[in-house]
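**Student:** First, the structure itself, so that you have it in front of you.
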Amino acid sequence: MSLPVHTGAPAPRSGGPSAAELLAYAQETAADTALVSSLPLDPEGRTWIRLEGPGGSQAWLIGWPPGAGTGWHDHGGSHGAFVTAAGSLTEQSLAARLPTEGWTVLELADGIDRERTLAEREGRAFGPHHVHQVFNPAEGRHAVSVHAYYPPLPMMRRYGRSGRVLRLEQVEWPEEWA
């Protein structure tokens, strides 16, 4: 069976899995119904289990209650992939490479916003400069997804957005996700 895939991520850093390999891992893991059904789901907030990704990558199984989302963020220079294992997720992203340092506020150009809905078993890979937000638009159903990153996330930058203005609001470090 052919799975719908959205790609476009650049080649990997040497020594680790490519974005395509991370996507293949996420697809395979999302198809593991026993694993997906083992994730405890919380009606109030996201839940997650840390997984062992391929080739030293970092991976997560994440549960999304109705309306839950990530807010705008990046992955600290890591490339990655995610696949919806149950339900559907909406991703809003920016089709522009943003500078990773040296700014706190940017005015975004018109026409760079992208949105896609990823139904069960649909996924996408992305490069190290990807800025997006992901959320579960469903009103009565949890979504579950598999995410993988390489190198393991060194940090995540969180952004606030008001119209065309993107503002760096917070930097999160791995010890905060334990």
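**Student:** Limited to the stretch 29-48, what total is found for residues that are of a type in the set (F, W, Y) and open to solvent by less than 40 Å² (accessible area, probe 1.4 Å)?
**Tutor:** 0
**Student:** Residue under question is Y159, and the condition is that it be hydroxyl-bearing (S, T, Y), closer than 15 Å to A26 by Cα and open to solvent by 10 Å² or more (accessible area, probe 1.4 Å); does it hold?
**Tutor:** no
**Student:** Further question on the same structure: I want to confirm something. Restricting to the stretch 68-92 and keeping residues that are of a type in the set (S, T, Y) and part of a loop (DSSP other than H, G, I, E, B), which single residue is least open to solvent (accessible area, probe 1.4 Å)?
**Tutor:** Only one residue tops the list, namely S78.
**Student:** Which residue pairs have Cβ atoms under 7 Å apart, sit 6 or more places apart or on different chains, and have a first residue in the stretch 49-67 that is open to solvent by less than 20 Å² (accessible area, probe 1.4 Å) and a second that is part of a strand (DSSP E or B) and among the charged types (D, E, K, R)?
**Tutor:** A59/E52
**Student:** Please name all residue pairs, on different chains or six or more residues apart, with Cβ atoms under 7 Å, provided the first residue is in the stretch 26-38 and is closer than 20 Å to G55 by Cβ and the second residue is surrounded by 16 or more Cβ atoms within 10 Å (Cβ to Cβ) and small (G, A, S).
**Tutor:** Final answer for the pair search is A26/A81; A26/G123; A26/A148; Q27/G123; A30/A85.
**Student:** Go through the stretch 111-127 and give me each residue that's farther than 21 Å from G76 by Cα, over 13 Å from the mean Cα position of the chain (by Cα) and among the aliphatic types (A, V, I, L, M).
**Tutor:** Selection gives A119 alone.
**Student:** Oh, and also: Where residues in the stretch 112-128 are open to solvent by less than 60 Å² (accessible area, probe 1.4 Å) and assigned to a loop (DSSP other than H, G, I, E, B), which of them is farthest from E21 (Cα to Cα)?
**Tutor:** Of everything passing the filter in the stretch 112-128, I112 is farthest from E21 (Cα to Cα).
The values are calculated or read from the model by the stated rules, or taken from the named source; none is laboratory data. Everything numeric here is computed off the predicted structure, so don't read it as measured data. Note: ideal-geometry Cβ built from the backbone for every residue, glycine included; neighbour counts use all protein chains shown. Note: areas computed on protein heavy atoms with side chains; ligands, DNA, RNA excluded. Shrake-Rupley method; radii C 1.70, N 1.55, O 1.52, S 1.80 Å.
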